[in-house]
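Chemist: Attaching a single structure in structure tokens format; questions to follow.
The values are calculated or read from the model by the stated rules, or taken from the named source; none is laboratory data. Model, not experiment: these values are computed from the prediction. Because the Cβ atoms are built from the backbone with ideal geometry, glycine has one as well, and the counts that use them run over all protein chains shown. Only protein heavy atoms, including side chains, enter the accessible area calculation; ligands, DNA and RNA are left aside. Shrake-Rupley method; radii C 1.70, N 1.55, O 1.52, S 1.80 Å.
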Amino acid sequence: MKSWSNHLLAEPLEGLGRITLLARESIASLLTFKVAWRDLLYQIYFVGVKSQSVVLVTGAFTGMVLGAQTYFQFHKVKMDTATLAVVSVSMCSELGPVLTGLMVAGRVGAAIAAELGTMRVTEQIDALRTLATHPVDYLVVPRLMALHITLPLLTAEAIAVGIGAGYLVGVYLLGIDPTYSWYNMLRYTATTDVVVGITKAFIFGGIVALIGCYKGLYCGEGAQGVGRATTEAVVYSSIAILISNFFLTMTLGKLLHTL
Amino acid sequence: MIEVRDLKKSFGSLTILDGISFRIEKGESVVIIGRSGGGKSVLLKHLIGLLKPDSGQVLIEGQDIVPMNERQLLKVRHRFGMLFQSAALFDSMTVAKNVGFAFRRDRSMPETEIAGKVARILEMVDLPGTEMKNPAELSGGMRKRVGLARAIIYQPEIVLYDEPTTGLDPIVSDSIDKLILRVRDRLDVTTVVVTHDMRSARRLGQRILMLHERKIYAAGTPDEIFQSKDPVVRQFIDGVSDPKEYLS
Ligand SMILES: Nc1ncnc2c1ncn2[C@@H]1O[C@H](COP(=O)(O)OP(=O)(O)OP(=O)(O)O)[C@@H](O)[C@H]1O
Ligand SMILES: [Mg+2]
């Protein structure tokens with residue numbers, strides 16, 4: 001009975017509390033700490049450059065399938081030329097940030113949790129602390145900043161590639177009129193859609209970095225602990241992205257439309 | 001310099017330390033001995049604030065470090081160097097990066113000067129020319145010596161060594177012992193050594209503390225400890241697994 005409630009309530013709450021503390025510590029560190037540019041640059045390279053193939057494939061195929069499916073439905077009601085507008089709006093505000101976030105959670109979040117987890121179980125984190133270095137300054141902040149910077153860029157890339165791929169499929173495979181499609185897309189895609197998407201990506205970047213770092217820093221003992229931390233980092237950050245996405249859509253939508 | 005008062009620590013239901021108290025003066029060198037799994041490494045980690053006790057105090061120059069948060073502890077830790085039992089080298093960095101880590105984080109010292117210091121300290125631990133190697137390429141004993149170099153390069157006031165000579169051949173062990181003595185005497189460094197090697201215990205310690213059954217069981221100068229008539233101490237010093245052997 002106790003372990004049941006422990007498992008269901010205490011553990012997630014404890015995790016949430018620790019992540020909040022980690023976020024606070026990171027912000028405090030960001031404000032006072034002279035950034036280690038080399039580490040940051042390396043992390044940006046690792047997150048950004050090394051995620052290219054994943055993001056390109058995700059963006060392109062999502063745009064393509066979205067274009068095709070929308071066309072099949074819209075064709076029935078003779079709205080063919082609105083296809084690209086649908087692709088564009090959904091890529092910008094939902095699919096671009098969410099799918100890129102999920103892919104990066106799987107690739108980068110897992111790598112962060114595994115790396116920091118291994119450092120913890122081999123006492124490297126303790127060694128860092130004896131050398132008067134705060135793990136948050138040295139490990140968390142560069143990763144957090146790198147993801148905050150890189151995920152919006154990757155998302156923008158996925159959106160652009162997705163729209164391009166949707167356009168190619170629509171115009172060259174399905175025979176939609178290119179001029180009207182383009183015109184409708186520009187007409188129905190608002191700046192706010194792009195702003196919403198990029199804002200989401202910025203927030204998802206923080207989610208992936210913080211959950212990955214938290215799982216790594218508080219990893220259990222041994223190889224098993226590292227394995228568990230890695231899996232949990234991916235699962236929890238994916239779930240957090242999906243859930244927060246709903247609330248972001250609601251709040252950002254309201255916020256930006258009232259402006 | 002270092003004072004521990006009534007330190008208690010448990011992991012879950014397992015009590016490791018139950019009321020440890022001792023005092024180490026500035027410039028003194030103290031050896032801690034005790035059975036494997038007795039909590040020597042755990043005790044050492046309390047001295048530098050890596051672990052928090054359940055109760056008790058750890059005073060560094062009169063300042064209790066137990067209630068400090070991590071940021072405050074970092075300031076205290078500038079005065080410490082620590083060699084881990086597992087060496088705990090950063091495996092994503094070369095030997096040179098590991099050893100020069102503290103300087104590079106400081107960012108006040110030019111790169112050439114760091115390289116010079118690193119080369120000199122690697123010479124001292126008998127590993128010249130290994131700067132560009134990765135920790136994975138080193139043997140266990142070599143890693144230990146790199147860890148040692150990393151702990152003493154910035155000339156800390158207090159150095160904690162967790163089994164510095166375990167896994168080293170007798171000749172290197174001897175040179176490491178001498179290095180520890182040299183570091184201690186040159187700069188009046190306070191030294192705490194955990195060891196299973198009775199020969200080094202005798203050479204390195206001005207005082208020996210024996211940890212047994214969660215408490216400091218015996219304390220004294222090496223001569224007192226090595227001539228002790230206490231059966232528990234005797235058994236440990238002589239390395240006898242079965243006390244009945246004394247009877248025959
Ligand atoms: N983080 C931890 N969590 C749970 N138990 C721990 C932890 N660290 C140490 N222990 C337990 O504390 C006890 C003492 O461990 P410690 O490493 O201090 O022993 P030791 O005296 O250094 O032994 P050795 O001479 O073999 O190094 C062991 O039983 C170990 O299982
Ligand atoms: Mg030990």
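Chemist: Quick one: which of B:LEU50, B:LEU43 is open to solvent by less than 40 Å² (accessible area, probe 1.4 Å), within 16 Å of ligand 1 (Cβ to nearest atom) and within 14 Å of chain A (Cβ to nearest Cβ)?
Modeler: Working: B:LEU43 fails: within 14 Å of chain A (Cβ to nearest Cβ).
Exactly one of B:LEU50, B:LEU43 is open to solvent by less than 40 Å² (accessible area, probe 1.4 Å), within 16 Å of ligand 1 (Cβ to nearest atom) and within 14 Å of chain A (Cβ to nearest Cβ), namely B:LEU50.
Chemist: OK, next. Which of the numbered conditions does A:THR118 fail, given that it passes all the others? Conditions: (1) open to solvent by less than 10 Å² (accessible area, probe 1.4 Å); (2) within 14 Å of chain B (Cβ to nearest Cβ).
Modeler: In the conditions (1) open to solvent by less than 10 Å² (accessible area, probe 1.4 Å); (2) within 14 Å of chain B (Cβ to nearest Cβ), A:THR118 misses (1) alone.
Chemist: Give me the residue from region A:122-144 that is more than 7 Å from every other protein chain (Cβ to nearest Cβ) and among the charged types (D, E, K, R) and, out of that set, surrounded by the most Cβ atoms within 10 Å (Cβ to Cβ).
Modeler: So the first thing to find is which residues in region A:122-144 are more than 7 Å from every other protein chain (Cβ to nearest Cβ), and the list is A:125, A:128, A:135-144.
This time we only want the ones that are among the charged types (D, E, K, R), so: A:137, A:143.
Details: A:ASP137: 24, A:ARG143: 28.
My answer is A:ARG143.
Chemist: Looking at region A:197-244, which of its residues are of a type in the set (Gly, Ala, Ser) and buried (at least 24 other Cβ atoms within 10 Å of the Cβ)?
Modeler: Within region A:197-244, the subset of a type in the set (Gly, Ala, Ser) is A:197, A:201, A:205-206, A:209, A:212, A:216, A:220, A:222-223, A:225, A:227, A:229, A:233, A:237-238, A:240, A:244.
Selection gives A:GLY197, A:ALA201, A:GLY205, A:ALA209, A:GLY212, A:GLY216, A:ALA229, A:ALA233, A:SER237.
Conditions (1) within 16 Å of ligand 2 (Cβ to nearest atom); (2) under 21 Å from B:VAL146 (Cβ atoms), marked per residue:
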position: B:SER175; (1), (2): no, yes
position: B:ASP188; (1), (2): no, no
position: B:VAL192; (1), (2): yes, yes
position: B:ARG203; (1), (2): no, no
position: B:ARG207; (1), (2): no, no
position: B:HIS212; (1), (2): yes, no
position: B:ILE216; (1), (2): no, no
position: B:PRO222; (1), (2): no, no
position: B:PHE226; (1), (2): no, no
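Chemist: Moving on. With the structure loaded, tell me whether B:LEU138 is at pLDDT below 90 and away from ligand 2 (no atom under 15 Å from the Cβ) or whether it fails that test. Steps first, answer last, please.
Modeler: Working: at pLDDT below 90: no; away from ligand 2 (no atom under 15 Å from the Cβ): yes.
No; evaluated as a whole, the condition is false for this residue.
Chemist: Please enumerate the residues belonging to region B:18-59 that are near ligand 2 (Cβ under 10 Å from one of its atoms), in contact with a His (Cβ under 8 Å, 6 or more places away or on another chain) and in a loop (DSSP other than H, G, I, E, B).
Modeler: Correct list: B:SER36, B:GLY38.
Chemist: Just checking, which of A:SER51, A:SER88 is closer than 15 Å to A:GLY166 by Cβ and buried (at least 20 other Cβ atoms within 10 Å of the Cβ)?
Modeler: On the way: A:SER51 fails: closer than 15 Å to A:GLY166 by Cβ.
It is A:SER88.
Chemist: For region A:167-194, what are the residues that are in a loop (DSSP other than H, G, I, E, B) and under 13 Å from A:THR81 (Cα atoms)?
Modeler: Residues of region A:167-194 in a loop (DSSP other than H, G, I, E, B): A:174-177, A:189-190.
Listed by number, the residues that qualify are A:LEU174, A:GLY175, A:ILE176, A:ASP177.
Chemist: When residues of region A:162-178 are filtered for being surrounded by fewer than 22 Cβ atoms within 10 Å (Cβ to Cβ) and closer than 30 Å to A:LEU41 by Cβ, how many remain?
Modeler: 1
Chemist: What are the residues in region B:182-212 that are free of Cβ contacts under 8 Å to residues at least 40 places away in the same chain and either farther than 18 Å from B:ASP238 by Cα or outside the structural domain of B:GLY27 (by TED's automatic domain parsing) (or both), if any?
Modeler: Residues satisfying the conditions are B:ARG182, B:VAL183, B:ASP185, B:ARG186, B:LEU187.
Chemist: Given B:LYS8, B:LYS26, B:LYS75, which one is closer than 26 Å to B:ILE153 by Cα, surrounded by fewer than 16 Cβ atoms within 10 Å (Cβ to Cβ), more than 14 Å from chain A (Cβ to nearest Cβ) and more than 9 Å from ligand 1 (Cβ to nearest atom)?
Modeler: Values: B:LYS8 fails: closer than 26 Å to B:ILE153 by Cα; B:LYS75 fails: more than 14 Å from chain A (Cβ to nearest Cβ).
One residue alone meets the criteria, B:LYS26.
Chemist: Taking the criterion of being within 20 Å of the chain's Cα centre (by Cα), touching a residue at least 60 places away in the same chain (Cβ under 8 Å), farther than 30 Å from A:GLU115 by Cβ and within 16 Å of ligand 2 (Cβ to nearest atom), would at least one residue in region B:78-93 satisfy it?
Modeler: Taking region B:78-93 and keeping what is within 20 Å of the chain's Cα centre (by Cα), we get B:78-90.
With the extra rule that they be touching a residue at least 60 places away in the same chain (Cβ under 8 Å), the set shrinks to B:78-85, B:87, B:89.
Subset that is farther than 30 Å from A:GLU115 by Cβ: none.
No, that holds for no residue.
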